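Novice: Just dropping this structure here.
Here, each number is a calculation from the coordinates, and none is a lab measurement. Worth saying up front: this structure is predicted, and the values here are computed from it rather than measured. Positions of Cβ are backbone-derived with ideal geometry, glycine not excepted, and every protein chain shown enters the neighbour counts.
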Amino acid sequence: MVSYWNSYVFISLFLLLGLLLPIGALWVAGPFLRPKNPTPEKLTTYESGVEPFGEAHVRYNVRYYLFALMFVVFDVEIMFLYPWAVSFDSLGLFGLVEMLIFLGLLVLGLVYAWKKKVLEWK
Amino acid sequence: MMGNLLTIIVFLPLLAALIIGFVPKSSQGQARAIALIATLLSLVFAGIVYAGFDFGAKGMQYTESAEWINIANAYKDQALVIGYDLGVDGLSMPFVLLTGIVSFLAVLASGRIQHRAKEYYIWFLLLVTGLYGCFVALDLFLFFLFLELTLIPMYFLIGIWGGERKGPVATKFLVYRGIASAFILVAFIAMAFKAADATGTISLNMLTIADAFSQASPDLITSAFKNGIFLVLFLAILIEEAFFPFHTWLPDTHEQAPSAVSMIVGGVLMKIGAYVLFRIAVGILPDAVQHYATLIAVIGVINIVYAALIAMVQKDWRRLLAFSAISHMGIVLLGVAAMNQAGIQGGIFMTISSGLLSALLFFLIGAIKERTGTAQIAGLGGLSKPMPILAGFLLAAALGSLGLPGMSGFISEILAFMGSFEVFPVLSAVGTLGIILAAVYLLWAMQRTTYGPTPAQLEGVTDARPIEFVPAIVLLALIILIGVYPQILSDLVNPSIQTLVTRIGG
Amino acid sequence: MSVEQFITLGAILFCIGLYGALTKRNIIIVLVSVELMLNAVNINLLTFARFGLMPSMNGQIFTLFAMTIAAAEVAVGLAILISLYRNRNTSDVRDQDLMKW
Amino acid sequence: MFSWLDKPMELSTFLNMALGAVIVLAFILGVVTYTIYFERKVIGWMQWRIGPNRVGPLGLLQTVADVLKLLIKEDIVPAKADRNIFLIAPLIAFFPSFMVLAVIPFSATHIFTAASNVGVLYYIALSATTILGVVLGGWASNNKYSLIGGMRSAAQMISYEVPLAMSMLGVVLLAGSLNMVEIVEAQKQFPYVWYIVPQALGFVIFIISATAELNRTPFDLPEAESELVAGYFTEYTGFRFAFFMLAEYVYVFAMSALGTTLFLGGWEGPFLPGWLWFAIKVSAFIFFFFWVRATMPRIRTDQLLVFSWKVLIPLALVNLVLTAVLKYLI
Amino acid sequence: MNPVQSLSALSFSGVWDVMAPEVILVLLGFGMLAFDLFVSKETSRRISPWIGVAGLLVALVLVLRNFGVVADGGLKELSNMLYVLDDFGNVFKVIFILGTMFTLLMSIDFFRHNPAVKVAEYSYLLIFATVGAMVMSSAYDLITLFVGLELLSIASYILVAIRRDAKGGEGAMKYLISGSIATAFALYGMSFLYGVTGQTNIAQASQMIAQMWIEFKPLIVLSFLLMTIGFGAKIALVPFHMWAPDTYEGAPNPITAFLSVVSKAAGFALVLRLFIWAFGPEFNELYMYLAILAGLTMVIGNIAALAQKNIKRLLAYSSVAQAGYLLIPLAVLGSGNAQENIWLAFGEVTFYLTAYLFMTMGAFAILTNVTREAGNETLEAFRGLYKRSPFQAVAMTVFILSMAGMPITAGFFGKFYIFLGAINTQMYWLAALLFITSAIAFYYYFGVLKAMFMKESEAPVTEQKLALPWSLGLIAGVGLIGTIVLGVLPNLYLDVLNGLNWFGL
């Protein structure tokens, strides 16, 4: 029998270590090990050797946003599928059909995006 | 059909308004004709009612009764029934007749309205329906509806066909009277629910409530409650009747409204407040009236004197007449405060008389303004030469208004003061000042208007057309009729007044 | 770990979110703050679902729905923001002043 | 000693746990070091080269030397960068990669695993956090290449997250559990096959999505050297750069371990001990990734995204429906 | 019963019995979506609103069929009171369906003048929003309730921005932000309710509240207040109303009408059901908060309306004020002999909402026509309308008077009825506020009348006759008839309402 709390303590330890390693390497040990000798040339932004021009925070393609929105919707819908999958056996036919309807709607959403050319790049 | 006479009287103008709605815009003559016929027919039916009226009976006559709205569980698990109850008694009959006469004459006097005439008649007829309804409704809710029905048409009648300041004045009218009707509704509902506590059934019928109030034990309907309700109602009446300090809307209204509308405002609309006073305040809450008699009398006297004083400094005839009317209505308050037969009778006489006189005076001033282009006293003068007939009528009306014996004003004032001297000798004495002041301002204004040299620009004005004789003569005739033969009115109202007075005693 | 601590955490997050939603100028930050508020609610629900007076599954189900709907809301919010940005070229709350009374 | 999961929470238990976590950390650092070596060797071998062979015997210390080099290199923060975000981005990218290892069951005795009841969800949820580090790093560098690299990698990672999660759903449906230990146990039961058999389609989707999630060729657009210099970590130097690389290789291991657990029966296997089986299967996975890298050309961004949405996701849905219906019928 | 068990208890026939109208509308919505996707010609998309209207008619028939089923015995419910079928919900559903039908009819004109708007999307979003509203009126579980609320809200956010112009976007953004903050508040409140009771089902929660009241009173009150804030913002109660004017102004006219009628009615359905059932016995300690909110809403809504020049903002503030009136029946329930008068409260709310449906829809139909023709949305657009179109002027007059509460219109009787209810429960100050604020309202309502009748139009162009498209004319006509009939003969409807078996109890 696995204790509920113990597994989360274990996970917390992983979190702790996962944070401590970079912190130790970058902030604690780092200053002693590496040289610090900044010059203006070093600190310039790298643009394949030419002088950087313009603003780097350019307006990027709106497609990125659309994909992000699609992701949000689909990822969240998957959230419903996991509990359903776990308790599939106890739900019976109604649960199956219900989820098929749900998936059908999901497909409809995908078709919608497809038809509206959200999935095209350009 | 005869059983529904009152319904017919009330809704004929409304029907006519609907018909006018379908008349083509170009034919203004038809609209006017329909309006004339409708108001005349209503008047005729009112005459039929009058002819068949049983002078001896004390109760309501020509009653019609039907259940209209039934709100289940409205109050303490009981249904609130709003009835379509109509009826007339000696108290309301004169008002119905007054409405009939003045509305017909006002339509007659509206001939000058050319601008958007069709709409004018529609609004006018709606107003007339509301006025009739107020006087025949026996259900408080119904009364309130008709009262509200007068509001909107008046707003437009002033706002569209009024003088140069029509917009703000229309709004002012609306605000004042709107607030007044709100108070009235509050008082009505409070009374109805209180009566329901006593009787066990909710009814908005005036008679039921009156009975409940007079019969219920003082523990159930306390005098404090009655007094409170009365104060609310009285406040509403003060606003409706434009008594000081809520008077400012009336002179503005009279000044800005077209003369035919002024006629109906001065003649009928302004009398609704008095009707509420007689019918509801005195009829249902006599104890409270008794309790506040002094207050009422004081406010009455203040109005008599104050309005008369203000009238003296007015430069415009219409404003002067408005204040004069307020002064007259102050006498009504004084008479009612006396709470005796003579006082109340005087109050009713005064109300009717003031209605007829106001209608006449506003009609005449309207006719004069139409010709001379002004109603400013300073702008007029020496009218007896170019328009002797109109000037003559104006003189007669003014004399009637200041209480010349033989005319309705005199008998009314006599009755009211007879009643009030018994109870408030000092106040009444002060009140009589008003009569003197009335003589001063009316005669002064008459003198400035009709006598003296005629200004050059008024030389060519014409006198009254034949059609204009009709309103003037009819109204003057009625004024004189009441003055010389007061029984025509007192026979009608006395049985009802006795009912009221006995209730005061009991 | 007691209920109070979780509830307090939820309350703090909720307040931070509310503060952000009401004061921040960038609409995206505002939307993020709203999400924070909703997540505070989720913490509350989950706490009650496990440690409440009467623990039950319903809280977890509620959380699932709350998350989904929050996501839908923010998706629509971003979509509207994009359309707004195309029209107005700004995502600053203070610039949203076409309509004033 | 390490069976802490069912013991009451005492100091000794806690120390055991801490020790276990440190061991996993040390182990994974070693694994990463030699995965990199292995990758260079394998690719060298496939390209008829020798690969690293100078530092240490057979070049075994090559990666160690690389790491040391990185450790003593200067840490440059570009003047125009958004300093704070620039500094913490590698940290955000790294820590989830390590955290996901907490739920992977390395062997039958449950050693070093949290055996969480929500294992699969935990993995998906945490691995998604890395995207944040990548995007923030790209954005904070204030460099056009970095920004585009970061955006691309975000778009790619989120797009493939959906089919990945859906393909795992089939396994969850069959096992009826989100606990990875139980999933492995379920593969031992009747019909005695690994889920790669009933979930063949799911496995294909999984492995494609996993490759894309790992930003590995042919899906390595975010760091496409020929067009974007180095993508989101163009401006990173020294150890910060190392942590991005570390995260990437930890994920290679973690993803292989996940695939092993879900589809290949985890530690399950005849004769040999469980941990060895696990190591063999994971190695096969890792080898597969290197093999693909050496074989396939890179594809275009539009093809990449469209492939996920128009091919993988519909396929994953079909797989899911088929699995559910068949499971209900059988 | 745990969720898995209650889910297993579901069956398709049970679902159909209880939520047939909703099922029909959902199918319709998705059907329209699919239709939109697979039809290529823009012209054939134009029939989507008609499909929507037809579907709504079917749903209306199904709802009407459902009336009185409760009376036959036993409450019809789904999955352990997750979703119930009762006359309370049915009345509201009729209002929603009629409101949406009017909105769609109004939209036909809107589409003609805004060719860029995606007709099909607009139509099915509207259908989905209606389903959300219907769920709100029938749900008996916090989760279902919440899902319904959000379905309505999210669809509305999109609909507000459907023109994709700056104003619509701004209105939608403001709506969305305040809407989602409100959602967060409501959810936070719900979470405490759930925490104390361990139930998301309202009926079971209410039993638990009764037990927990003494011990956990602060928490329950907190939950109540948070929910009040959340739902208060959705129905635009002061001081959570700030979004309403901007959103109403920014949204296309039909959507504004939809928001002010259907959305608001749905909010009230939700609030009534939730607050009365969850907090029923303890309501006498909570009602004062609502009463104060109602008072504030009436006062501030009406006063703010006084300053408006834009007719849509004016109607927005007016609608805020109406929310205050509508809250009164609920707010007074905790006072005096209120427990017995719960049925009266439902009658009051539904009557007023029905009146509100007719008058608002009618007013918006005419407003749409007039403002479009004038090219602006100020009161000036109404200048001299009586000359350009007497019918529209008269109809608008009736609607405005009804909103103001003039006798023999539905609005008056609705207010009067609410007023009676307040008197009946001895909440005199609230009744007085209702009265006074209605009187204030006259001022701005008459501003509209003044513009129509008293001001002559200046430009010669506006002297032209103003034609009324038939679809708008139909709405105005129905609205006119509804407003007057409900005002003159309220008993026709009152008797129906009184005969209802609201909850089948």
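Novice: Collect residues whose amide H, placed 1.01 Å from N in the peptide plane, falls under 5 Å from the amide H of B:L204; neighbours closer than 5 in sequence don't count.
Specialist: For B:L204, whose amide H was placed from the backbone, the distant partners under 5 Å are B:V81, B:G83.
Novice: Could you state the number of Å between the C-alpha centres of segment E:85-109 and segment B:301-326?
Specialist: Their Cα centres are 58 Å away from one another.
Novice: Still on this structure, I have one more. Based only on other Cβ atoms within 10 Å, what is the fewest-to-most ordering of B:C134, C:C15?
Specialist: With the sparsest Cβ surroundings first, the list reads C:C15, B:C134.
Novice: To continue, here is another question. Under the rule of at least 5 residues apart or a separate chain, name every residue whose amide H is placed under 5 Å from the amide H of B:Q78.
Specialist: For B:Q78, whose amide H was placed from the backbone, the distant partners under 5 Å are B:N73.
Novice: For segment E:190-259 and segment B:435-488, compute the distance between their C-alpha centroids and round to whole Å.
Specialist: Cα centroid of segment E:190-259 versus Cα centroid of segment B:435-488: 70 Å apart.
Novice: Bin by bin, in steps of 20 Å, what percent of the Cα pairs in chain E do you find, going until the bin that has the longest distance?
Specialist: 24, 59, 16, 1
Novice: Mind listing the phi-derived Karplus ³J(HN,Hα) values for segment A:86-100, rounded to whole Hz, using 6.51, -1.76 and 1.60 with θ = phi - 60°, and x for any glycine or proline?
Specialist: 5, 9, 4, 5, 8, 8, x, 4, 4, x, 4, 5, 4, 6, 5
Novice: Taking the number of other C-beta atoms within 10 Å as the exposure measure, put B:T253, E:T130, C:T63 in order starting with the fewest.
Specialist: Fewest to most other Cβ atoms nearby, the residues stand as C:T63, B:T253, E:T130.
Novice: According to the square roots a ≥ b ≥ c of the eigenvalues of the Cα gyration tensor, what is the shape class of segment D:188-330, taking rounded for a/c under 1.5, prolate for a/b larger than b/c otherwise, and oblate for the remainder?
Specialist: Note, shape of segment D:188-330 comes out oblate.
Novice: State the Cα centre-to-centre distance between segment C:36-91 and segment E:306-333 in whole Å.
Specialist: 30
Novice: Would you list which lysines come within 20 Å of B:K25, measuring only between C-alpha atoms, while excluding same-chain residues fewer than 8 positions from it?
Specialist: Reachable lysines: B:K118, E:K387, E:K455, E:K465.
Novice: 5 Å is the cut-off here: which amide hydrogens, built 1.01 Å from N in the peptide plane, fall below it relative to D:I76, excluding neighbours closer than 5 in sequence?
Specialist: It is D:T237, by chain and number.
Novice: How high is the FRET efficiency from D:V197 to C:R25, r the C-beta distance, R0 51 Å, rounded to 0.05?
Specialist: So the FRET efficiency works out to roughly 0.35.
Novice: Which Rg and Dmax, in Å, describe the Cα atoms of chain D?
Specialist: Radius of gyration, then largest Cα-Cα span, for chain D: 20.2, 64 Å.
Novice: Evaluate the distance, in nm, between pseudo-label points positioned 7 Å from the Cα of B:L433 and of C:L53 along their respective Cα→Cβ axes.
Specialist: Output for this residue pair reads 7.4 nm.
Novice: Holding the Cα-Cα limit at 27 Å, pick out from E:K234/E:K450; B:K271/B:K315; A:K117/D:K327 the pairs that are longer than that.
Specialist: The pairs that break the limit, which is 27 Å between Cα atoms, are E:K234/E:K450; A:K117/D:K327.
Novice: Expected output is a single nm value to one decimal: the length gained when fully extending between E:Y443 and E:W213, i.e. 0.36 nm times separation in residues minus the C-alpha distance. What is it?
Specialist: Gain on stretching E:Y443 to E:W213: 78.2 nm.
Novice: Here's something else I'd like to know. Starting from the Cα of E:K312, draw a straight line to each of the aspartates and glutamates and keep only those under 20 Å, dropping any in the same chain fewer than 8 residues away.
Specialist: Those aspartates and glutamates meeting the cut-off are C:D97, E:D109, E:D165, E:E170, E:D246, E:E249, E:E373, E:E377, E:E380.
Novice: By its C-alpha gyration tensor, with a ≥ b ≥ c as the square roots of the eigenvalues, how is chain C shaped: rounded for a/c under 1.5, else prolate for a/b larger than b/c, else oblate?
Specialist: In terms of gyration-tensor shape, prolate.
Novice: Would you mind classifying the protein assembly as shown by shape? Square roots of the alpha carbon gyration tensor eigenvalues, ordered a ≥ b ≥ c; an a/c under 1.5 is rounded, otherwise it is prolate if a/b is larger than b/c and oblate if not.
Specialist: Prolate, because a/c is 1.5 or more and a/b exceeds b/c.
Novice: On to the next question. With contacts defined as alpha carbon pairs under 8 Å and 6 or more residues apart, what's the relative contact order of chain D in percent?
Specialist: Taking the mean separation of contacting Cα pairs over the length of chain D, I get 22 percent.
Novice: Across all directions of projection, what mean area in square nanometres is found for the Cα convex hull of chain B?
Specialist: Dividing the Cα hull surface by four gives the mean projection, 22.0 nm².
Novice: So, one more: Nearest 10 degrees is fine. How inclined is helix E:470-488 to the longest principal axis of chain E, computing both from alpha carbons?
Specialist: 60
Novice: When only C-alpha pairs under 8 Å and at least 6 residues apart count, what is the relative contact order of segment B:1-285, in percent?
Specialist: Relative contact order of segment B:1-285: 19 percent.
Novice: A further question follows. Give the order of E:K174, A:K36, E:K118 when sorted by the count of other beta carbons within 10 angstrom, beginning with the fewest.
Specialist: A:K36, E:K118, E:K174
Novice: Here is a follow-up. Quote the relative contact order of chain E in percent (integer), defining contacts as alpha-carbon pairs under 8 Å separated by 6+ residues.
Specialist: The value is 15 percent.
Novice: Give the angle, between 0 and 90 degrees and rounded to the nearest 10, that separates the Cα long axis of helix D:11-46 from the longest principal axis of the Cα atoms of chain D.
Specialist: Result, in degrees: 70.
Novice: Next question, about the same structure. Among the lysines, select those whose C-alpha is under 30 Å from the C-alpha of D:K41, and discard any that sit fewer than 8 residues away in the same chain.
Specialist: Here the lysines satisfying the reach criterion relative to D:K41 are D:K69, D:K73, D:K281.
Novice: Against the longest alpha carbon principal axis of chain D, how many degrees, from 0 to 90 and to the nearest 10, is the axis of helix D:83-99 turned?
Specialist: For D:83-99 against chain D, the angle is about 30 degrees.
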